[in-house]
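Everything on this sheet refers to the single structure shown next.
The values are calculated or read from the model by the stated rules, or taken from the named source; none is laboratory data. Note that this is a predicted model, so its numbers are computed, not measured. Reconstructed Cβ throughout: ideal geometry from the backbone, glycine too, with neighbour counts over all protein chains shown. Note: areas computed on protein heavy atoms with side chains; ligands, DNA, RNA excluded. Shrake-Rupley method; radii C 1.70, N 1.55, O 1.52, S 1.80 Å.
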Amino acid sequence: MIRYILHRLALAVPILLAVFTLVFLVVRVLPGDPAVAALGDYASEEALEALRERMGLNDPLPVQYVRFLGNMLRGDLGRSLINGKPINEQVAYVLPYTLMLTAAAVAIGTVLGIPLGVFTALRRNTWIDYVGRIFSLAGLSVPAFYLAILLIFLFAVRLGWFPAVGGGDLAQDPVGSLRFLVLPAFTLGLIMTASVTRLTRSTMLNVLREDYVRTAQAKGLHRWAVLLGHALRSAMLPIVSLIGLWTASLIGDSVLTEFVFSRPGLGKMLVGAILQRDYSALQSIMVIYAFFVVVINLLTDLTYGFLDPRIRHSQSAQ
Amino acid sequence: MESTLPAAPAAPELRTQRQRAWHTFKRNRTALVGLAMVVLVALVAIFSDTVLIAPLTDAEPTPLLAPYDPTIQDPRNRLLPPSWEHPMGLDTYGRDIFSRILYGARVSLMVGILSVALGGILGVILGLVAGYSGGAAEQWIMRSVDVLMAFPSLLMGLMVLAVLGSGLTKMIIAIGIMLAPGFVRVVHGATLGAKQNDYILAARAIGAGHPRILFRHLLPNILGEVVVLASIWVASAIRVEASLSFIGLGVSPPTPAWGTMIREGVQYLTTAPWIALFPGLAILFTVLAFNLLGDGLRDVLDPKSYQ
Amino acid sequence: MRARSVLWLLAVLVLLLGACAAPQQAPEGQAPAPAVEEPMEEPAEPLILRLGQNAADLRSLDPHFATTTQDRSLVDMVFNALLRYKPGNGAFELMEPDLAEDFPTMEMVDGKQVWTFKLRQGVMCHPSEVTEAYELTAEDVVYSLEKAATPERSAYAGEYNGMTFEAVDDYTVRITLETPLSPVLFYPKVANYSGGMIVCKKAIEAMGDEAFKTAPVGTGPFMFASYSPQEKVVLAANPDYFRGRPKLDGVEMRYIPDISSREAGLLAGELDVINGIPDIAWVDRMKGEGDVQVDVFGVGEVATVHFNMTKPPLDIPEVRKALAYALDRDEFLALFGEPIAENVYSPVPAKFLAGGLTREEVEALGLAYDVDRERARQMLADAGFPDGFDLEVVSSEMTGYRRIYESMQAQLAEIGVRLKVNIVDHSTMHSLIRQDVNPIVVYIAWRPNADVYLTRFFHSDSIVVTGAKPDTNFSHYDRIDDLIEQARGETDPEQQIQLWKEAQIQILEDMAAYPLHYQQQVYARRANVDYGHELVSVFALYPGIDENTTIQR
């Protein structure tokens, strides 16, 4: 098992390198350049050229590549091309906000989604099922930013229950900042709930028809024992896969939510970096994302193995 | 699972299988509602103007279902609230929102369906191959998927669009590329599970060729799940299109697209809420339609659901 | 009004549909935190003005690199210059001394202009993490102006060509100009805009240029306190400000790029001032909210349509004029509404700057180019394009640009000209138009005087890509170089204005560019916010917050 984990982590190194290289090349294909973004519409070509030189953008690509890579290996993400602030510092500041938001949304999605899915599967074709399905489908159909804005106006402006904007002060007042977390977390969490509910329901229906479940029922095992011990456990494979997918994509999907709620975060930093062509920030953040995603994928696969011994065996055989 | 019951019945039974499928489908009320909604959206998309008939008479298409030309601007009457004349009001350029919603179905449908088709075909082929063959092919495919999945999907779409430039085709390609790795992963996972099944082992034992096993035995077995996912992805694709448009990189103007309309309207959510509200409802309706239809199809396509 | 409430009901319904996907809140770790007691407004609370700005983050608080609205507004509160525009009114005639005791004296030495400034005594640089508070002297001023003139250390270096700076004694600064300038052109270079801002030498030398971008040290009414990336910059009152301690205890500039969030923040009382939407419909609605005031003020950023005279068929003057006659200023104007936008008839806006042409003037010359689509069609047909032609442009995704291009698309379609508009992000548009991809460029910009407008947009040196100093001459226009240069050297203000007008008449006769309108600044505030000055025009594109600004309680 430990060998398997180490093996997978070793595989992650080339992935991160590939991500870095891909991003390094892609950002340089993008039209636009950071000097223009930094100086805005007032800039003259002379000022732009001076800035490009200072940013090191006039060096040959291989030189830039080795320089960025070398710094990154030493754990130094470099400085933002735009405001000159060390990227390490900025990331350290915004990362907790994104992680909290993602964790909260995944928690909401899982804790609400799985029971709801199981429940509607058991009550198949009753009005509960229909109502649950239509609501979960509707939840799935609302664009996140649209939901975010509706939530702001209802709960922040009309009712005044939660703050409308910002992320709170995580360092000074972590408890107070939870209030800022509620609306964004529910924006993302509700959409994930809808998705998890749907998949849980459909896989549960599948599993409930499987012969071994019927056999177990025929053997007279208690209904809940069958449900939790057999059915849900085998239904978990695709669900875990979906939760893994969602966790990875929520980190990215948090972008628009962070944007609408003006909440600091990695996604917002990344969009800023894309729009301002801040190559050094862009590369660093992408690699950080990649790292998280690799870890999440690894966890997903490990859970797979845990849930389905057949897969574990075939994996350790490799 | 009895080994005597093949997952995909042989040819002579196909006709009865289809009949049986239609029979099951007809009885599935949610599926019928979904189908009706999708057909409605499709009809609206096709007949919002005379684009089908106009070429016959060599004329420019004129609005048919839509009361107005969706690109005609009337800035002096902009932001007019809904009225009998303009049931959904006028937007920031003074264009009729109702007409734009009807025409906008085209972009949403095209992006939603074509990008999922693109991503789905790529994803199913690669996922099946990876899951079934194992070994080096699996390693290469899944590690490439890992690299691509390491990009947050929306941002990947954003970057692909930034490189390609904006526009309808580019939007479809961007979202298709964005969805493909997700398909691969899920199909791969499902294949891993399915290939352990007795009937696959049996098929192997009797010496069935790989393509036959892949497409006659494995594919039908996971198709149900793929269809359920595809219906989620059509929904996602439509929402992603809206999100990318919300960021400002949607289809080129003046083509009406719901996502772009919401972007425009979000600024005016308190001043002129109808601008963002109606396209939001249109998206909701369309996505709901696909999800309902997908649910119904799942019951029908899943071979195990025949009682 | 009824329609609106019905719509609101619908919106809430949609919301409930989404919310109902979740049953009654299950108990779990992320449950809403118990309501933390809202800080009650007590008199003892520090008086902090919270400003919601339309930006995702800062770019640079080094004033010599601050080019965007969000940066300029912060820099404006932290720094001073030798001279300044009167708070709330940027008219040249109202300029006043700032760090200087009085306006400078000028003498000619060997054909060169020598301007001498006497500095105020006792002006203190803010304390910072690396330096104590210390008195600002001529040494700092010279250092700062030299920095502004160095291309590697300033975005405005080009404006200080041929100028030398020297400290005569601690309180006297002498600036020598190779080529003489009239005050209209010289004063803005040493005023509180762009390169004229004076930075504190010891602080920037101690921390380095890069660090200074996020930890600026100046002499202004507010001093830098902290910066939270993507979230806010906090400024604290400078107790030693030479005009007296500010009435506010501090300013918080929050970065909130989404207008709905800013609006919600203002209405919920979490923000005191926000950057609004330049749209009369929004202004009217916000005015209807209790406790909210909306200010519409200058300066107006001018939107001009530049025709690329090298791209066929726009190389034919009649074709350009036909396009001009096809465009309807009032239709563009209606998209924003007066007084947020107002028509202009020359590239230099007559309302804000000397040298602009008024409607009466261009009308008398027959150069108003009022819409006349019949004539436009005729001119196109005469030029050999009875069926129109195709053009392809890129537009920024930003509303201000997109709206103009999209409206132009519909208007040009009326005369058979098919304009394909490709939407790209904002900085990409700026890069691409500088690479000369657009046959038609819409540019929205504020420049501090007529010379800068004309030099950067219409002097042949500034032609994109191919000019001697490529800049923003998108028209490839080269017929008024002599007029621009002559005006620049002219020290008689009357004569100078005349030359500028002549130059612009030439531009209009050749239809190199079609001046559209200027867009003013829109800010909403809670009614208890008092800026301490009347708002007419502010170069920094925000309401101007200084020692007199306060919040009434």
>> Could you give each residue of the stretch B:249-266 its phi-based ³J(HN,Hα) in whole Hz, using Karplus coefficients 6.51, -1.76, 1.60 with θ = phi - 60°, and x for Gly or Pro?
In response: 10, x, 5, 5, x, x, 3, x, 9, 4, x, 5, 5, 5, 3, 4, x, 4
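Please give the total accessible area that chains A and C bury against each other, computed with a 1.4 Å probe and expressed in Å² to the nearest 100.
Values: alone 17250 and 24200 Å², together 35210 Å².
Rounded to the nearest hundred, the buried surface is 6200 Å².
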> Quick one: ranking A:65, A:289 by accessible area, 1.4 Å probe, largest first, what do you get?
Replying inline: A:65, A:289
>> Charges on Cβ only, +1 for Lys and Arg, -1 for Asp and Glu, centred on the Cα centroid of chain A; of A:137, A:170, A:24, which one is farthest towards the dipole's positive end?
In response: A:137
> With all protein chains present and a 1.4 Å probe, how do B:46, C:497 order by accessible area, largest first?
Replying inline: B:46, C:497
> Size of the dipole of chain A about the Cα centre, Lys and Arg at +1 and Asp and Glu at -1 on the beta carbon, nothing else charged, in debye to 20?
Replying inline: 1560 debye
> Using 7 Å Cα-to-Cβ label points, what is the residue B:196/residue A:159 separation (nm, one decimal)?
Replying inline: 4.5 nm
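What is the interface area between chains B and C, defined as buried accessible area summed over both chains with a 1.4 Å probe, reported in Å² to the nearest 100?
Values: alone 16220 and 24200 Å², together 37420 Å².
The buried area between B and C, both sides summed, comes to about 3000 Å².
Using only C-alpha atoms and all pairs of different ones, pull out the Kirkwood radius for the protein assembly as shown in Å with one decimal.
On the way: mean 1/r = 0.0311 Å⁻¹.
Evaluated over the protein assembly as shown, this radius sits at 32.1 Å.
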>> Quick one: 3J(HN,Hα) in Hz for the stretch C:367-383, Karplus 6.51/-1.76/1.60 with θ = phi - 60°, rounded, Gly and Pro as x.
In response: 10, 6, 6, 5, 4, 7, 6, 4, 4, 4, 4, 4, 5, 5, 4, 4, 7
> How much area per residue is accessible in chain C when the probe is 1.4 Å and only protein heavy atoms are counted (Å²)?
Replying inline: 36 Å²
> So who's got an amide H within less than 5 Å of the one on residue C:119, skipping anything under 5 residues away but keeping other chains? H placed 1.01 Å off N, in plane.
Replying inline: C:101, C:172, C:173
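For chain B, which whole percent of the accessible surface, found with a 1.4 angstrom probe, sits on carbon and sulfur atoms?
Details: 8270 of 12120 Å².
Looking at chain B in its full context, I get 68 percent from C and S.
Over the stretch A:2-74, with the other protein chains present, what is the accessible area per residue in square angstrom, probe 1.4 angstrom? Can you show the working numbers first?
On the way: 3510 Å² over 73 residues.
Accessible area per residue, the stretch A:2-74: 48 Å².
Among the listed pairs C:202/C:232; A:268/C:420; C:351/C:501, which have their C-alpha atoms separated by more than 21 angstrom in this model?
Working: C:202/C:232 26 Å; A:268/C:420 31 Å; C:351/C:501 14 Å.
Table pairs above 21 Å Cα-Cα are C:202/C:232; A:268/C:420.
Give me the net charge for the shell around residue C:226: Cβ to Cβ below 12 angstrom, other residues only, Lys and Arg +1, Asp and Glu -1.
Details: positive: C:232; negative: A:169, C:129, C:231, C:252.
Around residue C:226, the charge tally is -3.
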>> Taking the Cα of residue A:76, stepping 7 Å toward and past its beta carbon, and measuring to each backbone N in the stretch A:50-67: which are under 13 Å?
In response: A:67
> Over the C-alpha atoms of the stretch A:90-276, what are the Rg and the largest Cα-to-Cα span, Dmax, in Å?
Replying inline: 19.2, 65
> For the stretch C:120-161, which residues drop by 40 square angstrom or more in accessible area between the chain on its own and all protein chains together (1.4 Å probe)?
Replying inline: C:151, C:152, C:155
> How much accessible surface area, in Å² rounded to 10, belongs to the heavy atoms of residue C:57 with a 1.4 Å probe?
Replying inline: 20 Å²
> Of the chymotrypsin sites (Phe, Trp or Tyr not before Pro) in the stretch B:25-92, which ones lie in a loop per DSSP and count no more than 14 other C-beta atoms within 10 Å?
Replying inline: B:84
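Shielding by partners for B:185-192, please: the mean number of other protein chain Cβ atoms within 10 Å of each residue's Cβ.
4
Charges at C-beta only: +1 for Lys and Arg, -1 for Asp and Glu. How large is the resulting dipole of the stretch C:298-520 about its Cα centre, in Debye rounded to 20?
540 debye
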>> So if the hydrodynamic radius of chain C is defined as the Kirkwood radius over C-alpha pairs, what does Stokes-Einstein give as its diffusion coefficient at 20 °C and 1.002 mPa s, in µm² per second?
In response: 84 µm²/s
>> Given bins 20 angstrom wide, list per bin the percent of all Cα-Cα distances in chain B, short to long.
In response: 29, 50, 20, 2
> Considering protein heavy atoms only and a 1.4 Å probe radius, which residues within the stretch B:25-39 exhibit an accessible-area decrease of no less than 20 Å² in the full assembly relative to the chain by itself?
Replying inline: B:29, B:30
> Can you give the accessible area of residue C:426 in Å² (nearest 10), computed on protein heavy atoms with a 1.4 Å probe?
Replying inline: 50 Å²
>> Give me the percent of accessible area attributable to carbon and sulfur for the stretch C:243-316, probe 1.4 angstrom.
In response: 43 percent
> Over chain B, what relative contact order in percent results from Cα pairs under 8 Å that are six or more residues apart?
Replying inline: 26 percent
> Between the helical axis of A:87-122 and the dominant principal axis of chain A, each derived from Cα atoms, what acute angle in degrees is found, rounded to the nearest 10?
Replying inline: 20 degrees
>> Please give the charge dipole size of the stretch B:95-305, origin at the Cα centre, charges +1 on K and R Cβ atoms and -1 on D and E Cβ atoms. Round to the nearest 20 debye.
In response: 260 debye
> With chain A treated as a Gaussian network of Cα nodes joined by springs under 10 Å, which of A:284, A:241, A:254 yields the largest mean-square fluctuation?
Replying inline: A:241
>> Let me test this: with uniform point scatterers at the alpha carbons of the stretch C:162-233, what is the Debye-based log₁₀ I(q)/I(0) at q = 0.19, 0.25, 0.26 1/Å?
In response: -0.98, -1.26, -1.29
> Check residue C:513: other-chain or 5+ apart residues with amide H under 5 Å from its amide H, H built from backbone geometry?
Replying inline: C:307
> So which residues of the stretch C:230-248 lose at least 40 Å² of accessible area, probe 1.4 Å, when you go from the chain by itself to every protein chain present?
Replying inline: C:230, C:231
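For the protein assembly as shown, give the share of DSSP beta bridges that are antiparallel, in percent and rounded to the nearest 5; count only bridges with both residues there.
On the way: 64 of 83 bridges.
Bridges in the protein assembly as shown are about 75 percent antiparallel.
What accessible area per residue comes out for the stretch B:95-305, rounded to a whole number of Å², with a 1.4 Å probe? Don't skip to the end; give the middle numbers.
Working: 5830 Å² over 211 residues.
Here the residues of the stretch B:95-305 average 28 Å² of exposed surface.
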>> Whole-Hz ³J(HN,Hα) for each residue in the stretch B:96-110, computed from phi via Karplus 6.51 cos²θ - 1.76 cosθ + 1.60 with θ = phi - 60°, x for glycine and proline: what do you get?
In response: 6, 5, 4, 4, 5, 5, 4, 5, x, 4, 4, 4, 4, 5, 4
> Hey, got the average number of other protein chain Cβ atoms within 10 angstrom for residues in A:69-81?
Replying inline: 1
> Reachable lysines from residue B:195, Cα under 19 Å, same-chain residues fewer than 8 places away excluded?
Replying inline: B:304
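Inside 10 Å of the C-beta atoms of A:269-277, what's the mean count of C-beta atoms belonging to other chains? If you can, show how the numbers build up before the last one.
Details: counts 4, 4, 7, 8, 1, 7, 10, 6, 5.
If you average over the peptide's residues, the count of other-chain Cβ atoms is 6.
Quick one: if you take sqrt(5λ) for each eigenvalue of the C-alpha gyration tensor of chain A, what semi-axes come out, biggest first, whole angstrom?
Working: eigenvalues 369, 144, 45 Å².
In descending order the semi-axes read 43, 27, 15 Å.
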